[in-house]
Amino acid sequence: MNLDKFLVKGEPMIYAAMVSIVVASLAILIGLTYFKKWGYMWREWLTTVDHKKIGVMYIIAALLMLFRGGVDALLMRAQLAMPENGLLDAQHYNEIFTTHGVIMILFMAMPFIIGLMNIVIPLQIGARDVAFPRLNAVSFWLFMAGAMLFNISFVVGGSPDAGWTAYFPLASLEYSPTVGNNYYSIALQIAGIGTLLTGVNFIVTILKMRAPGMKLMRMPMFTWSVLITCVIILFAFPVLTVALALMMFDRMFGGQFFTMANGGMDMLWANLFWVWGHPEVYIVILPAFGIYSEIISTFSKKNLYGYKSMVVSMVAISLLSFLVWAHHFYTMGHGAMVNGFFSITTMAIAIPTGVKIFNWLFTLRKGRISFTTPMLYSLAFIPIFTIGGVTGVMLAMASADYQYHNTMFLVAHFHYVLIPGTVFAVIAGFHYWFPKMFGFRLNEKLGKLAFWFIAICFNITFFPLFFLGLNGMTRRMYTYSEGSGFGPLNMLATIGSVGLAIGFVILVYNVYWSFRYAPRDTTGDPWDARTLEWSTHSPVPEYNFAITPNVKGMDAFWAAKKENQPLYEGKIEPIHMPNNSGQPFILGVIFFFLGFFLVFSMWVPAIVTGVGVVIMLAWRSFERDHGRHISVEEIIETERKLGGDTV
Amino acid sequence: MKQLFPIKHVMGYLFSLVLSVVALAVIFFDLSFSAAMVILLVCAILQASLQLFLFMHVSEAADTKKTLYLNIAYAVFVGLVTIFGTLFTMIWGYQ
Amino acid sequence: MKINSNVPLEYSTEENSNKILGFWLFLGAEIALFSTLFATYFTLWNRTGNGPTGHELFELNGVLMETFLLLTSSFTCGLAIHAMRHGFKKATMVFFAITLVLGLGFLGVEITEFVTYVHDGATVSTSAFLSSLFVLLGTHGLHVSMGILWGAAIMIQIKRQGFTAETTNKSFIFSLYWHFLDVVWIFIFSFVYLKGMM
């Protein structure tokens, strides 16, 4: 067999990456063997169907991807620091900005949010698990298969290099002849199916598994935001599925969808991509809004201002999010009618978003605010995100957009939306719910130090890009001349990015430090919070709640604490739980290989693994697994160990 | 036998065959484009509703009925936006 | 396990009614999926390049055959669920078997049609119109094929286990899927074939 097809050669940095991947994998394998942890790994993690563990795995994967995407970002900033820099060549730069975008959106932001969803949602609605625990594990392993497949592209066969939007005709076989964009279409496809299944799972969970008394309009805001997010996932991801399938046909089976000849229409790709792509933006931002709502309410010691208007504005955003996509390609050449229509819908979406900003401000008003780490991120979010939002309205004006389109102004805008919006939110949520996951808080001092680094250096990195863009620096250019005058501001942005990286290193160190030294939380409610997840123990027992809580109003746990309303009434009964299963993991592995063989057009092994997938489905269909029951004695024993007062 | 072939199902089936035949009018008669589209659309929507209400029992579960309607409404909204939005941006509104 | 005896067996447990709701939601996603394929087809349908147009390609007889087969299979599938709700195991099995055979018949006609197209030099890489046609029809055909495998698996389970909360639930969900494929076909029949032959 000719190995040249698979190995990327001639790049010192890629050789270094290969070596480090091999070393890291070996270290993990040797470590697991040495500490005899294989059985533990398999029993407790690889086969788990517990929503909390799946959530933790999502977050670990997201942090790893944050590291990978972050290194990409630093390389780009290093390349652009000086005019005519030779650190990266054009091809390598193309690959890096492509993988940076894909990884940060689809393999960092999405899994981080889905991880928090997994951990928090069943607890927040007083449920024992999600509606379909096994399907939840399938979702995770499909995501993981997609993420790993995408990541190996870097050393096996070559990365995609046509941008994270993979516009045609650039992404066609003719102009991108390497397997890079095959990886793009297939890895995203596999991960996307996982995401779609998550959407179905959480809608059913939220609609059908709420504790008695928790009406829809009594749900915590994070639960509401996730419900609406999942609705968007459910209807937007099929569009991506189709778009990626068409891309696969064009690249691998001679399809003519996006070609320049035979009637193909290259811009149809951009159209379909953004029909999914713009709702996708709201998929990553709405749960963030939910997280901020929880945190701001908790640390202001007030209930959320304008609950109903929050819900209504999210529903409005979810509908509007499907009506704005063409603003991503105003300059494509369609008429004034199209641009006018999409300008108006795009600006309209600022209205419900503005409603939410005011609601948060009014929640803060006259609150007794405690400045914890999660609260600091939430407070920083409001002004920084507003800058992102306002520049968004500038970009929404089609005629003005001809000036900003594809410049660094746009790059600055979407980083100003996505970083304070999504990244700050998941970090804030991570700090906020960390004690629920592991039973102790992260260190506040280190947390705040990381916060100041991240918040300040974020602005140093991205604010200059607005001016670079207005001065005419386009995005995705791998270098520029000295005469352009872009040098000083770029250097400033690069310095900022180093500070940003230091902030993230402090964050990771904080996790390490806290695991070793942080005092354990015995209350289960270290923040004096309001919602149901804080009413059970930390870390949460497998069955979540020994007795199903009885909800009588909004912020049920707060009411229980302040007005002495009993939350847990009745006696302990045996709890039905699903059994662990290795099938989701095996299915993920098969999908990984199926994807790999498709990428390299190796048809015979691809068909064999495809049959493998069908066999796995049949195995599941014929399986008769009715789960198991946890006995009353076992529950009482667990509760006693955790120091529960519910018994 | 009567229990195996409920009259509602049989009528529904016959009606769906009739609707398919009616739709054939668009190729056998010289109709204007819009008239033909109206016929096709009406027949297709009737057929889909027939399947939905008669065979798929969409309205039978009281507790989830509203959810199912909302789900279908939202799906149809997104579907129509995708179809007509794409035609609008790619063909009708294209210079 | 809480069993509610006021509703049909397939809804009887909480897990069962969750599964039915979950599948309806999935069908919502399927509506979005097929809408996107239709959007692509409508955008590209007169961009035939050097290849044949739909008018030259489509043949009424095969399409009518396919429509008749699928409509009938949808009918028998409905009868199977009706028989299931009355507890007639044998009738259910017979109706399901007829449904799947009709589904196979549909696939047979569709494959023959594809072979004819390719024989006439109309392949997926001939023109954008043909790419979108093949992918739209192919996706529907793939769904039908998966449905046949799935239905067969459920029949085996009914045969072995009889009507339980699980097997009835699976049968009902399968019937939702099968009727949905019929709905998609109606739209293909009307807006791909009939509109193309006008």
Exercise. So which residues in segment C:12-41 are of a type in the set (Phe, Trp, Tyr) and either free of Cβ contacts under 8 Å to residues at least 60 places away in the same chain or more than 10 Å from chain B (Cβ to nearest Cβ) (or both)?
Worked result: C:PHE23, C:PHE26
For this session: State the number of residues belonging to segment B:11-28 that are over 19 Å from the mean Cα position of the chain (by Cα) and surrounded by 12 or more Cβ atoms within 10 Å (Cβ to Cβ).
Result: 1
Problem set entry | Checklist (1) closer than 19 Å to C:SER35 by Cα; (2) more than 9 Å from chain C (Cβ to nearest Cβ); (3) over 17 Å from the mean Cα position of the chain (by Cα) applied to A:ILE232, failing item | (3)
For this session: Would you confirm whether any residue within segment A:385-395 is open to solvent by 10 Å² or more (accessible area, probe 1.4 Å) and assigned to a loop (DSSP other than H, G, I, E, B)?
Result: no
Exercise. Looking at (1) open to solvent by 30 Å² or more (accessible area, probe 1.4 Å); (2) farther than 25 Å from A:GLY263 by Cβ, which is the one condition that is false for C:ASP182?
Worked result: (1)
For this session: Among the candidates A:GLU95, A:GLU84, single out the residue that is in a helix (DSSP H, G or I) and open to solvent by 10 Å² or more (accessible area, probe 1.4 Å).
Result: A:GLU95
Exercise. Given A:GLY213, A:GLY163, which one is in contact (Cβ under 8 Å) with a residue 24 or more places away in the chain, in a loop (DSSP other than H, G, I, E, B) and open to solvent by 10 Å² or more (accessible area, probe 1.4 Å)?
Worked result: A:GLY213
Problem set entry | Criterion violated by A:LEU207 - all others in (1) assigned to a helix (DSSP H, G or I); (2) more than 9 Å from chain C (Cβ to nearest Cβ) satisfied | (2)
Exercise. Which pairs have Cβ atoms under 9 Å, sit 6 or more apart or on different chains, and link a residue in segment C:113-140 that is farther than 19 Å from A:MET267 by Cα and more than 7 Å from chain A (Cβ to nearest Cβ) to one that is in a loop (DSSP other than H, G, I, E, B) and among the acidic types (Asp, Glu)?
Worked result: C:GLU113/C:GLU59; C:THR116/C:GLU59
Seminar exercise, completed: Scanning segment A:254-280 for residues that are within 15 Å of A:HIS334 (Cβ to Cβ) and not in a helix (DSSP H, G or I) gives A:MET265
Problem set entry | Test: residue in segment C:101-114 that is within 21 Å of C:ASN50 (Cβ to Cβ), of a type in the set (A, V, I, L, M, F, W, C) and at pLDDT 95 or above | yes
Exercise. Quick check: is even one residue across segment A:373-389 out of contact with any strand residue (DSSP E or B) (no Cβ under 8 Å at 6 or more places or on another chain) and closer than 25 Å to B:VAL81 by Cβ?
Worked result: yes
Exercise. Do we find that A:ASN201 is part of a helix (DSSP H, G or I), within 12 Å of chain C (Cβ to nearest Cβ) and of a type outside the set (A, V, I, L, M, F, W, C) in this structure?
Worked result: yes
Exercise. A:TYR282 is checked against (1) away from chain C (no Cβ under 14 Å); (2) more than 22 Å from the chain's Cα centre (by Cα); (3) aromatic (Phe, Trp, Tyr) and fails just one. What number does that condition carry?
Worked result: (2)
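Yes or no, residue by residue, for (1) out of contact with any Ser or Thr (no Cβ under 7 Å at 6 or more places or on another chain); (2) surrounded by fewer than 23 Cβ atoms within 10 Å (Cβ to Cβ); (3) of a type in the set (Gly, Ala, Ser):
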residue	(1), (2), (3)
A:TRP274	yes, yes, no
A:ALA288	no, no, yes
A:THR298	yes, no, no
A:ALA316	yes, yes, yes
A:LEU320	no, yes, no
Exercise. Considering only residues of segment C:60-94 that are basic (Lys, Arg) and in contact (Cβ under 8 Å) with a residue 40 or more places away in the chain, which is nearest to the other protein chains (Cβ to nearest Cβ)?
Worked result: C:ARG85
Exercise. Could we say that C:LEU57 is more than 10 Å from every other protein chain (Cβ to nearest Cβ) and either within 19 Å of C:PHE189 (Cβ to Cβ) or touching a residue at least 40 places away in the same chain (Cβ under 8 Å) (or both) here?
Worked result: yes
Seminar exercise, completed: Subset of segment A:8-27, residues among the β-branched types (Val, Ile, Thr) and either loosely packed, with under 12 Cβ neighbours inside 10 Å or on the phi > 0 side of the Ramachandran plot (or both), comes to A:VAL19, A:VAL22, A:VAL23
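The rows are residues; the columns are (1) more than 19 Å from A:PHE67 (Cβ to Cβ); (2) in a helix (DSSP H, G or I); (3) open to solvent by less than 10 Å² (accessible area, probe 1.4 Å).
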{"position": "A:VAL411", "(1), (2), (3)": "yes, yes, no"}
{"position": "A:PHE414", "(1), (2), (3)": "yes, yes, no"}
{"position": "A:PRO420", "(1), (2), (3)": "yes, yes, yes"}
{"position": "A:VAL423", "(1), (2), (3)": "no, yes, no"}
{"position": "A:PHE434", "(1), (2), (3)": "no, yes, yes"}
{"position": "A:MET437", "(1), (2), (3)": "yes, yes, no"}
{"position": "A:LYS448", "(1), (2), (3)": "yes, yes, no"}
Problem set entry | Residue check, C:VAL118 closer than 24 Å to C:LEU9 by Cα and open to solvent by 50 Å² or more (accessible area, probe 1.4 Å) | no
Seminar exercise, completed: Taking segment A:28-56 and keeping only residues that are open to solvent by less than 90 Å² (accessible area, probe 1.4 Å), within 27 Å of the chain's Cα centre (by Cα) and free of Cβ contacts under 8 Å to residues at least 60 places away in the same chain, one is left with A:MET41, A:GLU44, A:TRP45, A:LYS53
Exercise. Scanning for something surrounded by 23 or more Cβ atoms within 10 Å (Cβ to Cβ) and under 19 Å from A:ILE232 (Cβ atoms), does segment A:119-127 turn up at least one residue?
Worked result: yes
Exercise. Hey, among B:VAL42, B:VAL76, B:VAL58, B:VAL81, which residue is open to solvent by less than 20 Å² (accessible area, probe 1.4 Å) and either within 23 Å of B:LEU19 (Cβ to Cβ) or modelled with pLDDT of 95 or more (or both)?
Worked result: B:VAL58
For this session: Sort through A:ALA78, A:ALA137, A:ALA73, A:ALA131 and tell me the only one that's closer than 18 Å to A:LEU197 by Cβ and either assigned to a helix (DSSP H, G or I) or open to solvent by 20 Å² or more (accessible area, probe 1.4 Å) (or both).
Result: A:ALA137
Seminar exercise, completed: Of the residues in segment C:141-164, those that are more than 10 Å from every other protein chain (Cβ to nearest Cβ), open to solvent by less than 30 Å² (accessible area, probe 1.4 Å) and closer than 18 Å to C:ALA83 by Cβ come to C:GLY151, C:ILE158, C:GLY162
Problem set entry | Any hit, segment A:302-318, residues being under 26 Å from A:ALA166 (Cα atoms) and either within 13 Å of another protein chain (Cβ to nearest Cβ) or touching a Leu at 6+ places or on another chain (Cβ under 7 Å) (or both) | yes
Problem set entry | segment A:250-261, subset touching a helix residue (DSSP H, G or I) at 6+ places or on another chain (Cβ under 6 Å) and facing another protein chain (nearest Cβ under 7 Å), residue most open to solvent (accessible area, probe 1.4 Å) | A:GLN256
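The values are calculated or read from the model by the stated rules, or taken from the named source; none is laboratory data. Values in this document were obtained by computation on a predicted structure and should not be read as measured data. Here the Cβ is made from the backbone with ideal geometry for all residues, glycine too, and neighbour counts use every protein chain on show. Please note that ligands, DNA and RNA were not included when accessible areas were found on the heavy atoms of the full protein model with its side chains. Shrake-Rupley method; radii C 1.70, N 1.55, O 1.52, S 1.80 Å.
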